[in-house]
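Beneath this line is the structure, given in structure tokens, with notes to follow.
The values are calculated or read from the model by the stated rules, or taken from the named source; none is laboratory data. Just so it is clear, the model here is predicted, and its values are computed rather than measured. Backbone-built Cβ (ideal geometry, glycine too); neighbour counts: all protein chains shown.
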Amino acid sequence: MKTKTVLITGAGTGIGKDTAKSLLARGHTVYATTHYQAEVAGLKKELGESAHVFKLDITCADDRAQIADLEIDVLINNAGQGQSGSLAEIDIDRVRQLFEVNLFASLELTQIALQNMVRRNGGTIIFISSIVGRVPAPFMMPYSMTKFSLSAAAAGLREEMKVLDKGIHVPVVEPGPYHTGFNQTLSDSRFEWMAKDSLFSRQQIAKMKTDTNKQMRLLESKSTASVVRKIVSATEARKPRLRYVAPLHFAILVRLARILGV
Ligand SMILES: NC(=O)c1ccc[n+]([C@@H]2O[C@H](COP(=O)([O-])OP(=O)(O)OC[C@H]3O[C@@H](n4cnc5c(N)ncnc54)[C@H](OP(=O)(O)O)[C@@H]3O)[C@@H](O)[C@H]2O)c1
């Protein structure tokens with residue numbers, strides 16, 4: 001297998017960090033980038049000497065500019081944030097801010113990486129979207145909409161790169177729920193503000209809280225191994241597929257949902 005130079009965003013925690021570990025173990029050169037400077041030293045210590053670790057807040061233009069001269073073979077757009085609440089009443093500025101991170105900043109970073117890849121006639125841009133970028137998730141629609149957009153962007157860019165014919169591949173990875181803490185923060189965000197003047201009653205909100213906690217316990221995969229395997233496959237493939245979904249039972253569910261027209 002030919003080893004590659006891979007840059008991962010949001011690699012300070014969760015799926016990004018586990019992917020960095022796996023790629024390093026497989027001999028790849030890894031730029032593991034973090035949201036905040038304070039995370040750099042700890043991550044470097046955890047990943048070891050061979051890892052290149054630096055701060056890259058994807059919403060910061062100066063940070064993004066740092067990658068212009070890096071000869072990256074694979075960019076993994078993993079950094080993301082969550083925001084939940086009903087579309088009937090959520091402050092639209094929260095939604096706007098989420099699109100800024102999950103969609104626009106990832107696309108701006110992608111454009112910089114692409115310049116270099118096109119010059120070198122090859123590369124792969126991986127977008128970490130979500131299963132809720134295929135199937136809408138009520139009360140998580142701000143997040144779900146950003147991931148629908150990201151999955152659509154990946155599919156569209158993939159076709160554009162075929163026309164460009166410079167050996168650029170664009171796969172999208174759509175994980176189901178994994179226990180990284182991300183889903184807890186995502187679903188809790190609605191209770192930060194919904195309790196105040198919500199259209200939904202106290203009882204409805206209390207039930208929502210109980211149901212969400214139950215669903216999380218039931219649905220979340222405890223280990224990220226299955227999604228990391230998919231990201232590694234997309235990274236190493238000569239011609240990556242358009243979509244990688246994990247874990248397997250969610251891949252089946254998403255197909256069923258499509259057939260049923262959900
Ligand atoms: N866990 C799941 O169930 C699940 C399911 C489907 C898709 N995903 C997607 O998988 C990706 C990784 O999520 P995860 O579960 O591993 O959660 P996570 O641990 O919270 O990972 C998200 C990472 O993105 C970083 N980040 C946020 N804003 C950033 C910014 N502006 N610039 C750079 N980095 C930024 C976070 O850094 P800080 O924590 O320091 O802010 C964090 O390290 C996300 O895109 C998420 O949407 C997760």
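Residues of the range 23-69 being among the polar types (S, T, N, Q), in contact with a Lys or Arg (Cβ under 6 Å, 6 or more places away or on another chain) and part of a strand (DSSP E or B), which ones? Break it down into steps so the answer makes sense when it comes.
Step one: filter the range 23-69 for residues among the polar types (S, T, N, Q), giving 29, 33-34, 37, 50, 59, 66.
Those still in the list that are in contact with a Lys or Arg (Cβ under 6 Å, 6 or more places away or on another chain) too: 34, 37.
Answer for the range 23-69, where residues must be among the polar types (S, T, N, Q), in contact with a Lys or Arg (Cβ under 6 Å, 6 or more places away or on another chain) and part of a strand (DSSP E or B): just Thr34.
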Cys60 is checked against (1) free of Cβ contacts under 8 Å to residues at least 60 places away in the same chain; (2) surrounded by fewer than 18 Cβ atoms within 10 Å (Cβ to Cβ); (3) over 27 Å from Pro240 (Cα atoms); (4) more than 10 Å from the ligand (Cβ to nearest atom) and fails just one. What number does that condition carry?
(4)
All but one of (1) closer than 23 Å to Arg94 by Cβ; (2) touching a helix residue (DSSP H, G or I) at 6+ places or on another chain (Cβ under 9 Å); (3) more than 14 Å from the ligand (Cβ to nearest atom); (4) outside any loop (DSSP other than H, G, I, E, B) hold for Asp211; state the number of the condition that does not hold.
(2)
Does Leu157 meet the test of being within 11 Å of the ligand (Cβ to nearest atom), assigned to a helix (DSSP H, G or I) and in contact (Cβ under 8 Å) with a residue 24 or more places away in the chain?
no
Tally the residues that are buried (at least 19 other Cβ atoms within 10 Å of the Cβ) and in a helix (DSSP H, G or I), restricting the search to the range 4-20.
6
Residue match in the range 49-68 (condition: out of contact with any Asp or Glu (no Cβ under 9 Å at 6 or more places or on another chain), over 22 Å from Trp193 (Cβ atoms) and polar (S, T, N, Q)):
yes
Just one of the numbered conditions (1) surrounded by 13 or more Cβ atoms within 10 Å (Cβ to Cβ); (2) touching a residue at least 12 places away in the same chain (Cβ under 8 Å); (3) more than 9 Å from the ligand (Cβ to nearest atom) is not true of Phe104; which one?
(2)
Where the second residue is more than 8 Å from the ligand (Cβ to nearest atom) and modelled with pLDDT under 95 and the first is β-branched (Val, Ile, Thr) and assigned to a loop (DSSP other than H, G, I, E, B) and lies in the range 117-137, which pairs have Cβ atoms under 7 Å and are six or more apart or on separate chains?
Val135/Val254; Val135/Ala257; Val135/Val262
State all residues of the range 176-208 that are of a type in the set (S, T, N, Q), away from the ligand (no atom under 16 Å from the Cβ) and touching a residue at least 40 places away in the same chain (Cβ under 8 Å); if no residue qualifies, say none.
Ser198
Which residues, taken from the range 1-35, are free of Cβ contacts under 8 Å to residues at least 40 places away in the same chain, among the small types (Gly, Ala, Ser) and either closer than 19 Å to Arg64 by Cβ or within 16 Å of the ligand (Cβ to nearest atom) (or both)?
Gly12, Ala20, Ala32
When every residue in the range 230-262 that is of a type in the set (Lys, Arg) and touching a residue at least 40 places away in the same chain (Cβ under 8 Å) is compared, the one surrounded by the fewest Cβ atoms within 10 Å (Cβ to Cβ) is Lys239
